[in-house]
Structures are given as structure tokens and as C-alpha cells.
Amino acid sequence: MKNFLIVVVATLCSLLVSELLIRQIDGYIPFSMRLQLSSSLVDKETLHSQKLINFAKSISNNEHINPEWILSVPEDFLKRLDNEPIMPELLARRDALASEGPIVSEWTYQVFNKNFLVKTFCGLTDFGVWRDIYFDRFSKIKSIYTFNPLTETHLPQFRNFPNFKTPHRKIHNKYGWRGVDIEVNKPPRTIRIAFLGASTTYGATKFSYPELVGHWLNLWAQSRQLDIKFEVMNTGRNGIDSQGIKEILYQEVLPFEPDMVVYFEGINQFNYLEWIQFAGTSKPAPYKIDFEIMAPEQKSKYSAIVNRVLELLNPTTLRELPKQKHTLTIPDDLDTKNPDILDPSLNQNNKLILDDLKEMNAEIKKINSSLIMASFIMLAEDGLKLDPVKHKDIHRYLNEVLKPYTYSELRQLMDFQNRLTRSFSKTNDLEFIDVASDFPMDPDLFLDAVHTNPDGTTFKAWTFFSKLIPIIQSKLDSGALPKPDQNDDIGVEDRFDVHTVEFDKIKCDYKYKNLSLPEFTRWRIQAKENQHKNKISADKLTLYGDSSQLGYQIMSPNVAVQKNTIYQVNIELKVLKGQVCLGVLDETSNWLLIPQCSLNRKLLFDSKNNRSIQLVASNNFYDQPAENTIFEMSIP
């Protein structure tokens, strides 16, 4: 009996030690009861020296560029990463929401645009996910950090907390940008480069690509004995689009008088659903891009050993999952090989991005600076095969976050988008850095389909660095650079002040009108499959919908509204099966308020420049299997 107990104890101890080791290897917190990702997951040191040097040699044909620089990182910055403590106040806020998961808890130490906070909290913007997922849960910590924008705009939605080392070992300077501190007034003999973008610019690893570019540019200047210094500004922000980036440029970047502004973004407005027709449905509901890197899927919530065993029992390559049946129909008169930026066949997001870029370019020229455009990197191609252990996050991103597009469609549409960016650059006589064409379609360089791991980030940074060198050299030769600071920007740093707002002090005192709703008998049913089961009266309906992933189920006739007026929609929506959301279309059938899946608050919208709108109930199977929906709507 004694020997049996010894064997049992030894076995349990071995299993415990093995569980702790596998948790450490797979990036989980070792001593957590449930499997919980470690904050250092995306910063595992995966750098492979020879692989990096070989890549540097393959794209660097400049004799003044040393390929071995690709292995160099800023040592002073590393010391700060190792020695600087994380602010206890912010850690306490994060830990207070630890039960909500890492994504929710870590957003508590962002600094939110006060206008965005109030409008979203009160239901006046289409960022329902913020209200329902984040702000509702933030109420547990009673307060939130805010900044005051220069105008009434609600963009950018947030800034990163200044003078802060994040639990993911990223350093924010005194403006909340990643990297070292710089002064508003540019020092003499300094070349300043601003990098605009979203999460792929902000970066998911210890060093972002702009930080590495700046470090290598200074190595290049030293090796050439040039009496210049380079400063970089990484103003990237997770989840923002061209409109938010434009406001970052206006409110934060321009006073620093950058000599060059690099624009790298391409995923947060990657929406081509108006070119897709789903089988058996009408125009689809909007497509949502998740801007957070998805956490690994766990078959077991408590044991890393069990997950490893299950993975070994199913060692097959991860292949593309079937998508909902659809047809991608690109307009016949649109030249996708050499697109015209004025072509009316471009989709709405293409046009919006181009308009924003045009405005940004005009403002950048006013400070005698230059905009540099870049192609965007996406890991997607027909027949892409992924390892079930190493690449499962990539697989989930391609097949869940980026559904309903097939791998082939993703490649086709991203290539078109990059060619459109090149056309914008050519039309406006701008430099264009083609990062994507030189970047290997190697899953080992990615965290998901667009965010890169340390190796991939280094590859991307080196591509930018090597292609910026001839642009900079030309400006040096012509005498255009370096140039002195033009303005004494007194008071600019005050824009970055952080304030604290208590949730119970937020007032939703907007004046609104109740929307006059048409009787349900006048609404148009889009879901035809089970319409014989529907029960519809003037003020109540029960609708048996279809299983289309994003399809409209029922749509109101045009409803008259006054311009620039806030309206409240008094409709009760009860979903009996599936997931259905209620949204508002503008006069051009584009979303004025994307479908809201939680109607536990007043549904408010701003009519803006519209004289009529339409209400739409649509399926919304983003996080659950598609099935025939059943829901009730009533007018109180």
C-alpha cells in the first residue's frame, strides 16, 4: 500500500510539473486555476539570427547598409524595459477587472476621448461594442481616464496612457506614443518621421517596427558620419480607421512638424460586402473586424496537457474552412489591375479612405512635409496550409474574424487594395513603399493574418528602413533635409493632459425626438424561407428568419427625419433563437448606425445630413453557429 501511495504521489507530482512546464511553453500563467494567457505571449523571443540576416541581404542592395544591423536593437530602451516598474495604480485597475478577461481589463488604462466616451456611453455612436462589452464592465472601477479633443469630434477614440510600461512590456512616452520621448520643437540637424496606422503600426511585440526603423536609421547616419539625428513618432493605435488616423494627424502629429509621414493601414476598413451576394439573401449586414489579436482556442479550460494531447491526436494540417455560399461580384467597369482613384465603381470604404488621404496629404504639405504611402501585409493565399499547434491563431483569424471571404478572395481584394494605394501615390506624386511584395508569405512570421511576431516585425521594419534610405538620401542630396523647426509650439503638450471621469457623473442629457415608426404591416420581409409562419400586426410581429450569416431579415419603409437631429427608436426586440440586431440605414443605404445587438439602452442615432432613414433587423452570427432565427419586435 505504501509503495502504491508513493507511485500515485510521484505520478501526480510529475503531472503537475509537466502541466506547469507546458503552460510556460504555451504562454499561459503557470499557477492560474483556469488557463489564462500570460501578458508576455506575443513577446516570446523567437528571433532567428541567420534567417534575419539572409532576409536583410535579399532586399538591401545599398553598399552603405550593413545587413547585420537587423540584429541590433536600442540597448538603452531595453534597460528601461527591464528596470522601469509598471504603475501600481494602473495594475490595480486592470486586476479589478481580471475576471472579465485580459482584453477588457487592459483597456481600463487607455485614455478615452471625452466626446467619444459620452456619446458612446449614451448610445449616440455606432460603437456599440464599446458600450456593451467595455464601458458597461468598466463601471466596476467607477472611473475612466479621458482627454479633451481640440474640437467636438469623437475621434480618435482613445490614446495610450503616457509615461507607462504596459504589462506586455511596451513603453509609452509622455504623449502616449510607443518609443522614447521627443520634444515638441525639433532639435537642429534632426530628421523627424511620423508613422500613422492602427494596431499593425502600434505593434504587438516588444519593439514596434517604427522604433526599429529609427534605431537603424541612426546607425546608418553614424556609419556615414552624417551630422544628423533621426527621431520617429509611432502614433499607431489599435482598432482605428482612416478617419481616426486623420484626427491623430491633425490633433497630435502636425505640431511636431515631421519631415515625413508614413501611412501603413489596410485592415480596419477592409469591407467589400457590397460586392458580395449571399446565396438566398439580399444585401448583407455589415462586416466586423476585430482589432484585438485573438486568444488561442482551448479545448480544455483547465489543462495545457490535455490540449497538447488532443492536438497530437489530430495532427492534420489546418486547411481552410467552408464559408457561407456567396459570389464575389466586382463591378465589370472597374479596372482592378490599374485602378483609377476617381472611379465611381469603387466601394464606399475605398472612397472614404481616399478622401481622408487626400485631406491628410493637403495638411501635410502645408508644413512642407511629405506623405509616404505603403502597401499592406496580409497572410492569405489559396491553398494556405497551417500547422495545428503553431498557427491555430492565424487559422482562427482567417476563418472567423475575416469570414465570409475565402483565402483566394482575401488575396485578390488585398492585392487590389494595395494597387489602389499605389495609384493614389502616383496620382499625387507621392513616394510608395511596397512592403507587401517583399514580405514572405510565411506563417512563422505572423501572430494572426495581419499582426506579426518578433521575426515578422523585424522583417517589416527592415523593409521600411531599406526603402526609406534612398528617399532620405535624395532629400539630403537636394538640401531639402534636414530643415529647421519652423514654429515655437507653446502649449502643445497640454493637449496630452489626462483627466479622470467618474461614470456616475456622465450625463446623457441630449435632447432627442422620438422616431415616428411605421406600422409593421408596411415593413418589407427579406427572409422568405419561413414567411408563412410569421405573425405580423400593426405594432407587433413574430418573424421566422433564415440562417444567413449577415442577411437582412426585415426592413422598414423610408422614415422621414429632420437633418442633424438625435432620434430615439422605441422598439423592443426579443430574440428567441439565433442572434438578430437592429440598425439604421441612411439615404444611400449605408449604415448610419450599425446593427445594435443589445437593446438594453435607448437606441439613439444622429440623422446627420439625411432626410429619411430605414430600420433594418439583420442576422449577426459573429460568435455563434448560424441557424434559422426567430425574434419578436414590438412598438410600446
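The values are calculated or read from the model by the stated rules, or taken from the named source; none is laboratory data. Treat the numbers as computed from the prediction; the structure is a model and nothing was measured. Neighbour counts are summed over all protein chains in view; Cβ atoms, including those assigned to glycine, are modelled from backbone coordinates with ideal geometry. Keep in mind that these areas ignore ligands, DNA and RNA; they rest on the heavy atoms of the full protein, side chains included. Shrake-Rupley method; radii C 1.70, N 1.55, O 1.52, S 1.80 Å.
Couple of notes before you dig in:
- Within the stretch 53-74, tally of residues that are open to solvent by 60 Å² or more (accessible area, probe 1.4 Å) and modelled with pLDDT under 85: 1
- Tally, over the stretch 537-554, of residues that are buried (at least 17 other Cβ atoms within 10 Å of the Cβ), outside any loop (DSSP other than H, G, I, E, B) and modelled with pLDDT of 90 or more: 5
- Candidate set from the stretch 73-123 (those that are part of a helix (DSSP H, G or I) and of a type in the set (Val, Ile, Thr)); member that is farthest from the chain's Cα centre (by Cα): 118
- For first residues located in the stretch 407-420 and basic (Lys, Arg), partners that are open to solvent by less than 20 Å² (accessible area, probe 1.4 Å) and lie 6+ apart or on another chain with Cβ distances below 7 Å form the pairs 411/380; 419/339.
- Condition check for residue 386: at negative phi, open to solvent by less than 10 Å² (accessible area, probe 1.4 Å) and at pLDDT 95 or above: no
- Failed condition for residue 381, given (1) surrounded by 14 or more Cβ atoms within 10 Å (Cβ to Cβ); (2) modelled with pLDDT of 95 or more: (1)
- Hey, residue 207 at pLDDT below 95 and closer than 19 Å to residue 108 by Cα or not: no
- In the stretch 334-368, of all residues being touching a Pro at 6+ places or on another chain (Cβ under 9 Å), farther than 13 Å from residue 274 by Cβ and touching a residue at least 12 places away in the same chain (Cβ under 8 Å), the one that is surrounded by the fewest Cβ atoms within 10 Å (Cβ to Cβ) corresponds to 367.
- From the options 446, 520, residue that is more than 30 Å from residue 399 (Cβ to Cβ) and crowded, with 18+ Cβ neighbours inside 10 Å: 520
- If you check 572, 627, 587 for being more than 25 Å from residue 400 (Cα to Cα), out of contact with any helix residue (DSSP H, G or I) (no Cβ under 8 Å at 6 or more places or on another chain) and touching a residue at least 40 places away in the same chain (Cβ under 8 Å), only one passes: 572.
- Residue within the stretch 467-474 that is in contact with a strand residue (DSSP E or B) (Cβ under 9 Å, 6 or more places away or on another chain), part of a helix (DSSP H, G or I), under 23 Å from residue 418 (Cα atoms) and charged (D, E, K, R) present: yes
- Residue within the stretch 512-527 that is within 31 Å of the chain's Cα centre (by Cα), assigned to a loop (DSSP other than H, G, I, E, B) and of a type outside the set (Gly, Ala, Ser) present: no
- If you go through the stretch 81-111 and keep only what is under 15 Å from residue 162 (Cβ atoms) and modelled with pLDDT of 80 or more, you end up with 84, 86, 87, 89, 90, 110, 111.
- Residue within the stretch 405-415 that is over 19 Å from residue 268 (Cα atoms) and touching a strand residue (DSSP E or B) at 6+ places or on another chain (Cβ under 7 Å) present: no
- Verdict on residue 390 being part of a loop (DSSP other than H, G, I, E, B), under 24 Å from residue 203 (Cβ atoms) and not hydrophobic (A, V, I, L, M, F, W, C): yes
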